[in-house]
Amino acid sequence: MLDEKILNVLRLNRDSYVSGEDLCKLAGISRAAIWKHIEKLREEGYDIEALPHLGYKLVSIPDSLIASEIKWKLKTKVFGRSVISYRRVNSTNIIAYELAEKGMKEGAVILADEQVKGKGRHGRHWSSPSKGGIYMSCILRPSIAPNEISRITLLAAVAVAQAIRDVASLDVTIKWPNDIMIDQKKICGILTEMKAEQDSVDFIVLGIGINVNIPLKQLPKCATSIKEELASRGEKINLSRVDLAKKVLEKLEEYYNIMKSEGFGPIIEIWKDLSVMIGSRVKVSIHGKAFEGLAHDIDPDGALVVRTESGLLKKVSSGDVLMVR
């Protein structure tokens, strides 16, 4: 907490120096102790200048998914009320699930700069290179039935797509149920896992992996990153992962509140606006069996409705869906 207090003072005085004496008064510790905290912040990547008779000045902030950076000026009430960040983990979803079982409150967020065993759908691996993406899991405790979990997946897809559009100005779209795409290339995946009773959800772990500043050579086939897409239009920059992560949390809270106050209907309509799938021919694969048809609609629980060759409407709640050219 002292690190965060010192950091917040330096943040608020970016254009000037803060004397060691003022920092001592704020923290209630000695100058020697202040120096130790400054050194710790430097080890985390903060560039802090120290000059005799002037004090300390924050020169630059690292683009690392550090809890204090995510919480700084985060415009949410629930999402991000508790933030735990790591440099390297097996999977943020595994950590979030364990914490949720121990009673961690709704809105808690687990972040990592790198995942060794990032989780995708159906037991697949999610590529998670160090400091290249956003690897984040949120704990939710919604009042929904287990068969309504697709609602959370679609809600998250809407939130992430809108956040990327706002921060990076990329025209991303959604592919049912959990992929964020740009020009048929995957830029983000979403994985929802839950613990539930027969008729109620105990908690949901919402995992989000976004390819932000990952070079193409480190990405799987048919994937892309925000950096690569920006570069293709002449913008050779690294997007702030911190800014995007905060925007995702703000959008998640916005749409989560809409779902609780107005129902899932408004989310479905926004999802349809952001998706290029409805009306397209698709191939659905479920447990080794496949069929083709037209993506007809999204049902009230978030399942995909496909019209088959015979005209039959089939409800798809799980499986892999590919758009057929």
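Nothing in this text is a laboratory measurement; each read-out follows from the coordinates by a stated rule. Small disclaimer: the values here were computed from a predicted structure and weren't measured. In this analysis, Cβ positions are derived from the backbone assuming ideal geometry, glycine residues included, and neighbour counts consider all displayed protein chains.
A compact table of results
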| item | result |
| --- | --- |
| For Ser275, distant residues with modelled amide H under 5 Å away | Ile174 |
| Förster radius 22 Å - calculated FRET efficiency between Arg88 and Asp47, Cβ distance, rounded to 0.05 | 0.45 |
| Net charge, Glu269 excluded, C-beta distance under 14 Å - Lys, Arg +1, Asp, Glu -1 | -2 |
| Candidate aspartates and glutamates for bridging to Lys185, where Cα separation is under 13 Å - those fewer than 8 sequence places away on the same chain excluded | Asp171, Glu228, Glu229 |
| Inter-probe distance in nm under a simple model that places probes 7 Å from Cα toward Cβ, at Val276 and Ser318 | 2.9 |
| The chain: relative contact order in percent, alpha carbon pairs under 8 Å with at least 6 residues between | 13 |
| Distant-in-sequence amide H partners of Asp297 (H built 1.01 Å from N, under 5 Å) | Val305 |
| Vicinal HN-Hα couplings computed from phi for the stretch 28-33 (Karplus, 6.51 cos²θ - 1.76 cosθ + 1.60; Hz; Gly/Pro x) | x, 10, 6, 4, 5, 5 |
| Fully extended contour minus Cα-Cα distance, from Leu216 to Asn147, at 0.36 nm per residue | 21.1 nm |
| Rounded tilt (10° steps) of 265-274 against the dominant C-alpha axis of the chain | 90 |
| Cross-link reach list, lysines versus Lys314, counting only Cα pairs under 17 Å and skipping chain neighbours closer than eight places | Lys283, Lys289 |
| ³J(HN,Hα), Karplus 6.51/-1.76/1.60, whole Hz, each residue of the stretch 295-306, x for Gly, Pro | 5, 8, 5, 10, 7, x, 9, x, 6, 7, 9, 10 |
| Qualifying GluC sites (Glu not before Pro) for the stretch 214-244 [loop in DSSP, other Cβ within 10 Å: at most 11] | none |
| Under the Karplus curve 6.51 cos²θ - 1.76 cosθ + 1.60, θ = phi - 60°, whole-Hz ³J(HN,Hα) for the stretch 231-243, x wherever Gly or Pro sits | 5, 5, 10, x, 9, 8, 9, 9, 6, 5, 5, 5, 4 |
| Loop-resident sites, the stretch 176-253, for trypsin sites (Lys or Arg not before Pro), counting at most 10 other Cβ within 10 Å (DSSP) | Lys221, Arg233, Lys236 |
| Prolate/oblate/rounded call for the stretch 2-60, Cα gyration tensor, a/c under 1.5 rounded | rounded |
| Cross-link pairs beyond the 28 Å C-alpha cut-off, checked among Lys105/Lys221; Lys71/Lys260; Lys175/Lys195 | Lys105/Lys221 |
| Mean separation of Cα contacts under 8 Å, 6 or more apart, over the residue count of the stretch 2-60: relative contact order % | 42 |
| Of Ala27, Leu41, Tyr56, farthest towards positive along the dipole that unit charges on Lys, Arg, Asp, Glu beta carbons give the stretch 2-60 | Ala27 |
| Calculated over the chain: convex hull of Cα atoms, volume per residue (Å³) | 150 |
| Selected from Val201, Gly234, Leu249, residue furthest toward positive end of dipole (the stretch 200-249; charges at beta carbon) | Gly234 |
| Glu98/Glu197 FRET efficiency (R0 22 Å; Cβ-Cβ; nearest 0.05) | 0.70 |
| Theoretical FRET efficiency, 1/(1+(r/R0)^6), r = Cβ-Cβ of Ser60 and Val305, R0 41 Å, to 0.05 | 0.25 |
| Charge sum, other residues only, whose C-beta stays under 14 Å from Glu254's C-beta, Lys/Arg counted +1 and Asp/Glu -1 | +3 |
| Cβ-based net charge around Thr224, under 15 Å, with every Lys or Arg adding one and every Asp or Glu removing one | +1 |
| Glu39, Glu4 arranged by Cβ crowding within 10 Å, fewest neighbours leading | Glu39, Glu4 |
